[in-house]
């Protein structure tokens, strides 16, 4: 796979959901702008997209440094540290494997801030290495180094700008497409029992493209409107999006098609269900939602989806 193909495969983010598909950058000790024994040492993990962007930023800023790429199983820093793919032992193993102690006279490492949950500075110190957590944004590292390894309050804050949100949405579009394609044969097997299950499969299979487009639209709306929603919960954001979409759809149906107002018919339930599904998945993309809240959103979201299915089966004509 070419470098460009690897880069965009990471942007589309299959590895975010299935680590077996992770695209790794070769681990090692890399040098930039002719560093010497006193040059700073930056540390990152071997997720291809991360390493590519770190290297591009180092070159752009003209930083004279070493870069230690640690084995994190090809997972990004944040997910890798939370999922146990990288830890203090990973950093120490890389230091030994690539003979960092022979390349520099000092014993200071600049670690990515988002690895803090997995790497212990005291444990590194016990093994002869000091460490500081650098700024969140790699583009601030040059200023951070020039300021004596001190960062401003702003450089410690995680931001989630529109460009990042739209990029995360691309990853989730790939995930949702795969999930929808995987669910289709499952629904077909269930349809063999007949009755409402057969009706549901007929609706699903004949509208699959429209369902995918609706999921894409919900995800794009949530990525754009994310800062304006009064919550960090992806589930709540999905519910808000679903209710708004349902209201707008019913206005269109009643005003332009002169149809009777039936709120939770098949289309209405589908709008709510899709939006909730996209919402609690979207919650995993934002850096502002904790692990406990994300797990709670997924559990509650799945319960709501089951309830929506049940409503569709027991009230096929919808609720007025």
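Condition check ((1) out of contact with any strand residue (DSSP E or B) (no Cβ under 6 Å at 6 or more places or on another chain); (2) part of a helix (DSSP H, G or I); (3) closer than 15 Å to residue 210 by Cβ) across all residues:
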position	(1), (2), (3)
255	yes, yes, no
262	yes, no, no
270	yes, yes, yes
282	yes, yes, no
293	yes, yes, no
299	yes, yes, no
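Of all the residues that make up the range 110-120, how many are at pLDDT 95 or above and outside any strand (DSSP E or B)?
Going residue by residue through the range 110-120, those that are at pLDDT 95 or above are 110-111.
Among the residues that remain, those that are also outside any strand (DSSP E or B) are: none.
Summing the residues that are at pLDDT 95 or above and outside any strand (DSSP E or B) in the range 110-120 gives 0.
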Some residue of the range 217-230 being assigned by TED's automatic domain parsing to the domain that holds residue 309, touching a residue at least 40 places away in the same chain (Cβ under 8 Å), more than 15 Å from residue 173 (Cα to Cα) and not in a helix (DSSP H, G or I): no
From the options 191, 245, residue that is closer than 23 Å to residue 307 by Cβ, free of Cβ contacts under 8 Å to residues at least 12 places away in the same chain, in contact with a helix residue (DSSP H, G or I) (Cβ under 8 Å, 6 or more places away or on another chain) and buried (at least 18 other Cβ atoms within 10 Å of the Cβ): 191
Selection count where residues are over 17 Å from residue 87 (Cα atoms) and touching a strand residue (DSSP E or B) at 6+ places or on another chain (Cβ under 8 Å), scope the range 125-159: 4
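Looking for something crowded, with 18+ Cβ neighbours inside 10 Å, within 23 Å of residue 285 (Cα to Cα) and at pLDDT 95 or above - is there at least one such residue anywhere in the range 35-44? Don't jump to the end; show me each part of the working.
Of the range 35-44, the ones crowded, with 18+ Cβ neighbours inside 10 Å are 35, 39-44.
Checking which are within 23 Å of residue 285 (Cα to Cα) leaves us with 44.
When the remaining residues are screened for being at pLDDT 95 or above, the result is 44.
Looking for residues that are crowded, with 18+ Cβ neighbours inside 10 Å, within 23 Å of residue 285 (Cα to Cα) and at pLDDT 95 or above, one finds at least one in the range 35-44, hence yes.
Return the residues of the range 91-109 that are outside any helix (DSSP H, G or I) and under 30 Å from the mean Cα position of the chain (by Cα); say none if nothing qualifies.
Within the range 91-109, just 109 meets the criteria.
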The range 17-34, residues that are at pLDDT below 95, surrounded by 15 or more Cβ atoms within 10 Å (Cβ to Cβ) and touching a helix residue (DSSP H, G or I) at 6+ places or on another chain (Cβ under 7 Å): 17, 22, 23, 24, 25
Failed item in (1) surrounded by 14 or more Cβ atoms within 10 Å (Cβ to Cβ); (2) touching a helix residue (DSSP H, G or I) at 6+ places or on another chain (Cβ under 8 Å); (3) modelled with pLDDT under 90; (4) within 26 Å of residue 57 (Cα to Cα), with residue 166 passing the rest: (1)
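The values are calculated or read from the model by the stated rules, or taken from the named source; none is laboratory data. Small disclaimer: the values here were computed from a predicted structure and weren't measured. Note that each Cβ is placed from the backbone with ideal geometry, even for glycine, and that neighbours are counted across all protein chains shown.
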